[in-house]
Amino acid sequence: MLISTLSEIIKSCRKSNFIGRSREYGSHLGGTLPEALQQFKHSLRWPIDLDTPNIHLAGYFNEPDYNDPDKNSRHRGLDLQVAAGTKVVSPIRGKAVFHQTDPRTADLMNVGVYSEKLGLLCILAHLDTSGILLPESYPVLRWENQDQVYRDMVVGRVAPWISRLPEQIAVPKDVRKVYGRTYNHLHLECYYIPNKPRTVNEYYQKRAPLNPLLLLRKL
Ligand SMILES: [Zn+2]
């Protein structure tokens with residue numbers, strides 16, 4: 001009894017660093033995974049250390065963009081709002097198949113990690129361009145010389161986001177207290193690609209994104 005009570009307390013302490021919209025987590029576990037990925041449901045590591053202070057699961061999959069709700073498209077990934085500079089690790093082991101600057105600004109870098117074993121591509125977006133993984137090669141694609149991404153390897157850091165959140169966005173009070181209207185965040189996208197593409201462009205072919213929360217370990 002005592003042990004179970006203690007473990008409950010430890011659990012709730014661990015979660016106390018999740019703020020704002022993170023409380024909606026349980027209602028954003030919808031969607032499906034392809035048959036081949038079912039066995040990996042809720043098994044992947046989170047790209048941010050879960051002990052990081054003030055993690056805000058701000059933007060969920062397939063809803064209007066949190067920071068741009070007027071945009072006429074659904075959010076293709078998961079936004080984890082954290083402090084700029086927070087270390088990012090890949091949820092999967094694999095190869096860094098592309099890394100490039102964001103089309104909006106050269107100050108942001110996106111890294112694609114592909115696991116041939118899982119047939120899974122994870123895109124870690126909005127990283128600092130002083131990336132740890134590929135500093136010397138950025139921003140040139142280095143397709144022929146893909147870097148291996150190991151377990152626990154830091155692939156980059158969350159970059160300072162390019163703009164403040166517009167006034168129309170109702171930022172939860174506890175989030176506002178910590179981050180104001182800044183929006184430094186990691187954007188994670190996951191795609192099922194069973195056959196390893198031969199060219200970088202093939203990774204970009206129209207594909208249906210997966211809900212990352214179905215793959216990441218359950219909170
Ligand atoms: Zn996003």
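The values are calculated or read from the model by the stated rules, or taken from the named source; none is laboratory data. Remember, predicted model here, so these are calculated numbers, not experimental data. Don't worry about glycine lacking a Cβ; one is built from the backbone with ideal geometry, like all the others, and counts go over all protein chains shown.
Listed values, structure above:
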quantity	calculated
Any chance SER27 is modelled with pLDDT of 95 or more, of a type in the set (Gly, Ala, Ser) and farther than 25 Å from GLY180 by Cα	yes
Residue satisfying condition, being part of a loop (DSSP other than H, G, I, E, B), at pLDDT 90 or above and more than 26 Å from LEU50 (Cα to Cα), within set PRO160, PRO197, PRO166	PRO166
Residue match in the range 21-29 (condition: over 19 Å from LYS173 (Cβ atoms) and more than 17 Å from the chain's Cα centre (by Cα))	yes
Residues of the range 68-98 classified as in a loop (DSSP other than H, G, I, E, B) and either in contact with a His (Cβ under 6 Å, 6 or more places away or on another chain) or not aliphatic (A, V, I, L, M) (or both), total	14
Any hit, the range 102-109, residues being assigned to a loop (DSSP other than H, G, I, E, B), at pLDDT 95 or above, more than 15 Å from the ligand (Cβ to nearest atom) and under 27 Å from ILE162 (Cα atoms)	no
Residue ID - farthest from the chain's Cα centre (by Cα), chosen from residues in the range 92-127 that are among the β-branched types (Val, Ile, Thr) and more than 17 Å from TYR192 (Cα to Cα)	THR105
Filtered residues of the range 173-206 (kept if farther than 20 Å from ARG45 by Cα and within 16 Å of the ligand (Cβ to nearest atom))	VAL175, TYR179, THR182, TYR183, ASN184
Qualifying positions in the range 50-67 - surrounded by 15 or more Cβ atoms within 10 Å (Cβ to Cβ), in a loop (DSSP other than H, G, I, E, B) and either among the acidic types (Asp, Glu) or within 11 Å of the ligand (Cβ to nearest atom) (or both)	TYR60, PHE61, ASP65, TYR66, ASN67
Flag if GLU202 is modelled with pLDDT of 90 or more and charged (D, E, K, R)	no
Where VAL89 falls short, out of the listed (1) within 14 Å of the ligand (Cβ to nearest atom); (2) of a type in the set (A, V, I, L, M, F, W, C); (3) over 22 Å from ASN195 (Cα atoms)	(1)
